[in-house]
Amino acid sequence: MIQPLMMSAFGELVINRVPLAKKETLQAFDQADLLALDYLQLEALLNPSSNVLVVNEAFGAITCATTKALCALGGALPTLWSDSHIAHLGLQYNACANGLPVAHFVQAHNTPQGPFQIVILRLPKSHALLRDQLQRMLPQLAPGALIIMPLMVKHLDNAVYQLLESLLGPLTTSLARKKARLIFAKNNSMILGQSPKAEETHWSLPSLGLCLQHFSGVFSRTKLDPGAQVLLDQFPQGPYMQVIDLGCGNGVQAIMAAKKWPQCKVVGVDESYMAVASASINAINNSVEDQCEFRANDCLTDIYPQSADLILCNPPFHQERVIGDQIAMRMFAQSAQVLTNEGELWVVGNRHLGYHAKLKRWFKRVEQIGAHPKFVVLKAQL
């Protein structure tokens, strides 16, 4: 099991990945986090007047370390800005585990209010989200504010670097250490300003009669993703009364369920705050808001057992930049608890992921409903 003790320039901290796993093999921090913390300490950048913004970190390692340092100096708590509900849970858990106050948290479709003197920005995979965050962040920075971007060298490419330069101006970099590097930028504006609204895209699905709106961090924000299309093509016949859209994204599956079965209630859950906000808006725009409820959640945590007769699921196969089936397995295990005895779990996934065999750990009956060159639709029952 991975030792969760993080040794940094600000002392020892216990930093865990959440949800907690009995046989965890991955750390909740990396060398880029440690390099950023060492730089903050070496340059003596933290002082009682420092207003610190941390962006996109996964489990609160940097935020907890800066919280510890700023509390010792009598300064204000830092702010974590993220689209991830798991990141929020990680921040809360790790702050509590280390006896620290919980830093401020701002959901990604909202904008943190400055002025901030220091920003530690973990670069997201999505270029659209990165552009949106930078455009809204810059007006909240104090004149001369320092932006520190920790990253593993393998995650830096020309397209990202050019995007950063276009929005931040000249960049400098640190020497690499243990395959990690820091990128630096300074806010050259002398005026604090009003941030623009969060970036949105709008598109429609005439074949389904739907209009959809997306914030920048939502998966497949400019078109229907192929997996969702395959599941819609093989949609259950029903009728159903209590439906859950697990990993709801933009809410298209939940909205179609509400339209197909006007008597049903639909709950959509996702760990992305931008996804939940987008799905909520889309339910209103497509006139099914009275049937639908969307919430940010860790899979089906806190959903009542045996409360759903249909669960629709298009599982992710990565968390941040880590590829694996841990999230999908957690979704399947919890679905088995939340379904009624006669309930059904419908899953769409890439063929090569082998979900048919994996579902049999929790479900007695698993059958393939539909096929596609890349995807399969499976129905699982207890």
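Across the alpha-carbon set of region 173-242, the Rg to Rh ratio works out to 1.24, Rh being the Kirkwood radius. 3J(HN,Hα) couplings calculated from phi for region 190-204 with the Karplus curve 6.51 cos²θ - 1.76 cosθ + 1.60 (θ = phi - 60°) are, in sequence order, 9, 10, 6, x, 8, 6, x, 5, 4, 5, 10, 10, 10, 7, 10 Hz; Gly and Pro show x. Around the amide H of residue 8, modelled in the peptide plane, lie the amide H atoms of 13, all under 5 Å away and 5 or more residues distant in sequence or on another chain.
Working from Cα pairs under 8 Å separated by at least six residues, relative contact order for the chain is 11 percent. Under 5 Å from the amide H of residue 173 lie the amide H atoms of 184, each residue being 5 or more positions distant or on a separate chain, with H modelled from the backbone and absent for Pro and chain starts. State the Cα centre-to-centre distance between region 349-382 and region 88-148 in whole Å. Centre-to-centre (Cα) distance: 39 Å. With viscosity 0.692 mPa s and temperature 37 °C, the Kirkwood radius over alpha carbon pairs of region 228-328 converts through Stokes-Einstein to a diffusion coefficient of 239 µm²/s. Let me check against my output: what whole-number percent is the relative contact order of region 58-104, with C-alpha pairs under 8 Å and at least 6 apart? Contact order relative to length: 51 percent.
When shorter helices are ignored and each DSSP H run of at least 4 residues is given -39500 (n - 2.57), the per-residue value for the chain at 222 nm works out to -8500 deg cm²/dmol.
Contact order, relative form, for region 324-382: 37 percent (alpha carbon pairs under 8 Å, 6 or more residues apart, mean separation divided by residue count). Look at the dipole of the chain built from charges on Cβ: of 237, 376, 67, the Cα furthest out on the positive end belongs to 376. Calculated translational diffusion coefficient of region 1-106 (20 °C, 1.002 mPa s; Stokes-Einstein with Kirkwood radius over alpha-carbon pairs) equals 157 µm²/s. Placing pseudo-labels 7 Å out from each Cα toward the beta carbon at residue 43 and residue 237 gives an inter-label distance of 6.5 nm. The residues of the chain expose, per residue, 45 Å² of accessible area to a 1.4 Å probe. Highest mobility in the GNM of the chain, judged by mean-square fluctuation with C-alpha springs under 10 Å and restricted to 178, 364, 23, is found for 23.
Every Cα-Cα pair in region 54-141 was counted, and those over 21 Å apart are 26% of them.
The HN-Hα couplings worked out from phi for region 127-136 by the Karplus form 6.51 cos²θ - 1.76 cosθ + 1.60 (θ = phi - 60°) are 5, 5, 5, 4, 4, 4, 5, 5, 5, 7 Hz, whole numbers, x standing for Gly and Pro.
In terms of accessible area, using a 1.4 Å probe and ignoring ligands and nucleic acids, 246, 208, 353 rank largest first as 208, 353, 246. For residue 145, nonlocal amide neighbours, meaning residues 5 or more places apart or on other chains whose placed amide H falls under 5 Å from its own, are 187. Across all Cα pairs in region 93-148, the calculated P(r) in 5 Å bins from zero up to the longest distance comes to 4, 16, 21, 23, 18, 12, 5, 0 percent per bin.
Computed from the Kirkwood radius of its Cα pairs, the Stokes-Einstein diffusion coefficient for the chain at 4 °C and 1.567 mPa s stands at 59 µm²/s.
Take the solvent-accessible surface of the protein heavy atoms, probe 1.4 Å, and return the percent of it on the chain that carbon and sulfur atoms account for. For the chain, the apolar C and S fraction of the accessible surface comes to 54 percent. Residues considered: 371, 76, 357. Largest GNM mean-square fluctuation over the chain, using C-alpha springs under 10 Å, is found at 357.
Rolled with a 1.4 Å probe across the full set of protein chains, the surface gives residue 102 an accessible area near 70 Å². Calculation over all alpha carbon pairs of region 287-382 in 10 angstrom steps from 0 returns a P(r) of 15, 47, 31, 7 percent.
3J(HN,Hα) along region 275-291: 5, 4, 5, 5, 4, 5, 5, 5, 5, 5, 5, 10, 6, 10, 4, 6, 8 Hz, from the Karplus curve 6.51 cos²θ - 1.76 cosθ + 1.60 with θ = phi - 60°, whole Hz, x for Gly and Pro. A simple charge model with +1 on the Cβ of Lys and Arg, -1 on the Cβ of Asp and Glu and nothing else charged puts the dipole of region 31-163 at about 120 debye relative to its Cα centre. Residue 259 contributes an accessible area of around 90 Å² to the protein surface, as traced by a 1.4 Å probe with all chains present. For region 1-75, the set of GluC sites (Glu not before Pro) satisfying both a DSSP loop assignment and a count of at most 10 other C-beta atoms within 10 Å is given as 43.
The values are calculated or read from the model by the stated rules, or taken from the named source; none is laboratory data. These figures come from a predicted structure and were not determined experimentally. We place every Cβ from the backbone using ideal geometry, glycine too, and count neighbours over all the protein chains shown. Side chains are part of the model used for accessible areas, which takes the heavy atoms of the whole protein and leaves out ligands, DNA and RNA. Shrake-Rupley method; radii C 1.70, N 1.55, O 1.52, S 1.80 Å.
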